[in-house]
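K.L.:
Below is the structure I would like to discuss, written out as structure tokens.
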Amino acid sequence: MHNLSEILSGPGRSIAIAGHVHPDGDCIGSCVGLLLYIEENYPQHRAAVFLEETKGALLFLTEGRGIRSAVPEGMQFDQLILCDVSSPDRIGVCPELLAAVEDTVSIDHHISNPGICRINHIEPEASSCSEVLAGLMDAERISPEAAEALYTGIVHDSGVFQYGSTSPRTMRTAAMLMEKGIPFSRIIQESFFARSFAESRALGFVLSRAELSGGGLLAVGSITAAEMQEIGAGLPDLDGIAAQLRLIRGTEAAAFFYETAPGSVKVSLRSTNYLNVSELAGRFGGGGHVRAAGCTLSGTVEEAKAALVPVLLDALSEGGAPAL
Ligand code: 5GP
Ligand code: MN
């Protein structure tokens, strides 16, 4: 696909746009950016976005947009467009639509995406799904509101233009969106850097107990459900902790373990230069990107650490799992 017109032209139809479970800035920015682009340029269609509840810092993107958290009984769609979704089990609120809708499209940047739709447009080198989408849009037809959503997505998935996935094209795309007159400083400060008190306490808790291993190459942090309750934090307050662990000087990788339900532990993996964490997460049923990936293990936090940390240390001692 070279342009979204290849999938959006034609007679009016109903389009469902959906993102991944636990939607982040890129996922929400992609879905909302695409929704606005369709509403503003293809008024013959009826589009709706399906996303799980949005956390506070990103509400400015979703409020007033009619985002749905469930598919109403009897509602049917002619087309399904998945944004930032790497596998069928990662679709947020409407996984059933993948089989029910005939015309399915995946727009993504996950290297682990095997191509789950009829049309698959995956650019693993892109910083974000929002960057991929912006590249498929006609720049002059992107409104300031759509630009704000896509810019937010790029900012979040590139760590404010910091991660290795940031390219000259990322910067050119951001510049094009900036020229629409968006409040870029406020977007970066309020949606990316600002932390609630609960998020700050959770970060402090995990960092204060973090451990280094592998000669300082690996930082490991964790939090149990009981500990979260003790400090007044919940699961949505844990975003960004894995990235902070990775900032410890000298580390190549970080693993953050957190209890999502009794007997279920989510692991967020990050790396800096060479460790392919997507491949490692894949060995445990997860996936993601080369430098940011995740998986879910069963058991306690300590059992999950015992299963995964030796594998990470092995990969690190070998100089990293095969990179891109
Ligand atoms: P996070 O650690 O922030 O939850 O996720 C980092 C990246 O890994 C995201 O791009 C996310 O899509 C991916 N990821 C996280 N957990 C899983 C998982 O369980 N399965 C798959 N396939 N990808 C995951
Ligand atoms: Mn993304």
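K.L.:
Against the definition (open to solvent by 40 Å² or more (accessible area, probe 1.4 Å), within 15 Å of ligand 1 (Cβ to nearest atom) and of a type in the set (Gly, Ala, Ser)), how does SER271 come out, yes or no?
P.N.:
When the stated conditions are applied, SER271 does not pass them.
K.L.:
If the Cβ limit is 7 Å and pairs must be 6+ apart or interchain, which residue in region 127-139 that is closer than 14 Å to GLY159 by Cβ and in contact (Cβ under 8 Å) with a residue 12 or more places away in the chain pairs with which residue that is part of a loop (DSSP other than H, G, I, E, B) and more than 13 Å from ligand 1 (Cβ to nearest atom)?
P.N.:
SER127/THR166; SER127/SER167
K.L.:
Follow-up. Which residue is nearest to the chain's Cα centre (by Cα), if the candidates are limited to region 8-53 and must be hydroxyl-bearing (Ser, Thr, Tyr) and away from ligand 1 (no atom under 14 Å from the Cβ)? Reasoning before the result, please.
P.N.:
Residues of region 8-53 hydroxyl-bearing (Ser, Thr, Tyr): 9, 14, 30, 37, 42.
Then drop every residue that is not away from ligand 1 (no atom under 14 Å from the Cβ), which leaves 9, 14, 37, 42.
Values: SER9: 28, SER14: 25, TYR37: 20, TYR42: 27 Å.
Only one residue fits best here, namely TYR37.
K.L.:
Has region 93-106 got any residue that is in contact with a helix residue (DSSP H, G or I) (Cβ under 9 Å, 6 or more places away or on another chain) and within 16 Å of ligand 1 (Cβ to nearest atom)?
P.N.:
Scanning region 93-106 turns up at least one residue that is in contact with a helix residue (DSSP H, G or I) (Cβ under 9 Å, 6 or more places away or on another chain) and within 16 Å of ligand 1 (Cβ to nearest atom).
K.L.:
Provide a single number: the residues in region 101-149 that are buried (at least 24 other Cβ atoms within 10 Å of the Cβ), aliphatic (A, V, I, L, M) and assigned to a strand (DSSP E or B).
P.N.:
Summing the residues that are buried (at least 24 other Cβ atoms within 10 Å of the Cβ), aliphatic (A, V, I, L, M) and assigned to a strand (DSSP E or B) in region 101-149 gives 1.
K.L.:
Here are some conditions: (1) within 28 Å of VAL160 (Cα to Cα); (2) open to solvent by 50 Å² or more (accessible area, probe 1.4 Å). PRO95 meets all but one. Which one does it not meet?
P.N.:
Among (1) within 28 Å of VAL160 (Cα to Cα); (2) open to solvent by 50 Å² or more (accessible area, probe 1.4 Å), the lone unmet condition for PRO95 is (1).
K.L.:
Looking at region 243-280, which of the residues that are within 16 Å of ligand 2 (Cβ to nearest atom) and out of contact with any helix residue (DSSP H, G or I) (no Cβ under 9 Å at 6 or more places or on another chain) is nearest to ALA219 (Cα to Cα)?
P.N.:
ALA243
K.L.:
Sort through ALA242, ALA219 and tell me the only one that's buried (at least 22 other Cβ atoms within 10 Å of the Cβ) and either under 19 Å from the mean Cα position of the chain (by Cα) or among the basic types (Lys, Arg) (or both).
P.N.:
Matching residue, one of ALA242, ALA219: ALA242.
K.L.:
Please state which one of ILE122, ILE111, ILE91, ILE107 is at pLDDT below 95 and within 17 Å of the chain's Cα centre (by Cα).
P.N.:
Only one candidate passes the filter, namely ILE111.
K.L.:
Here's a follow-up. Determine which member of the set SER196, SER208 is away from ligand 1 (no atom under 16 Å from the Cβ) and free of Cβ contacts under 8 Å to residues at least 24 places away in the same chain.
P.N.:
SER208
K.L.:
Same structure again: Hey, could you check region 65-88 for residues that are over 13 Å from the mean Cα position of the chain (by Cα) and of a type in the set (S, T, N, Q) and say which is least open to solvent (accessible area, probe 1.4 Å)? Quick ask: steps written out before the conclusion?
P.N.:
We begin by selecting, within region 65-88, every residue over 13 Å from the mean Cα position of the chain (by Cα); these are 65-81, 88.
Okay, now just the ones that are also of a type in the set (S, T, N, Q), so 69, 76, 79.
Values: SER69: 85, GLN76: 151, GLN79: 2 Å².
For region 65-88, the residue satisfying everything is GLN79.
K.L.:
When only residues in region 283-296 that are in contact (Cβ under 8 Å) with a residue 40 or more places away in the chain and either of a type in the set (A, V, I, L, M) or more than 8 Å from ligand 1 (Cβ to nearest atom) (or both) count, which is farthest from ALA219 (Cα to Cα)?
P.N.:
VAL290
The values are calculated or read from the model by the stated rules, or taken from the named source; none is laboratory data. What you are looking at is a predicted structure, and each value in this text was computed from that prediction instead of being measured. Here Cβ is always computed from backbone atoms with ideal geometry, including for glycine, and neighbour counts include all displayed protein chains. Keep in mind that these areas ignore ligands, DNA and RNA; they rest on the heavy atoms of the full protein, side chains included. Shrake-Rupley method; radii C 1.70, N 1.55, O 1.52, S 1.80 Å.
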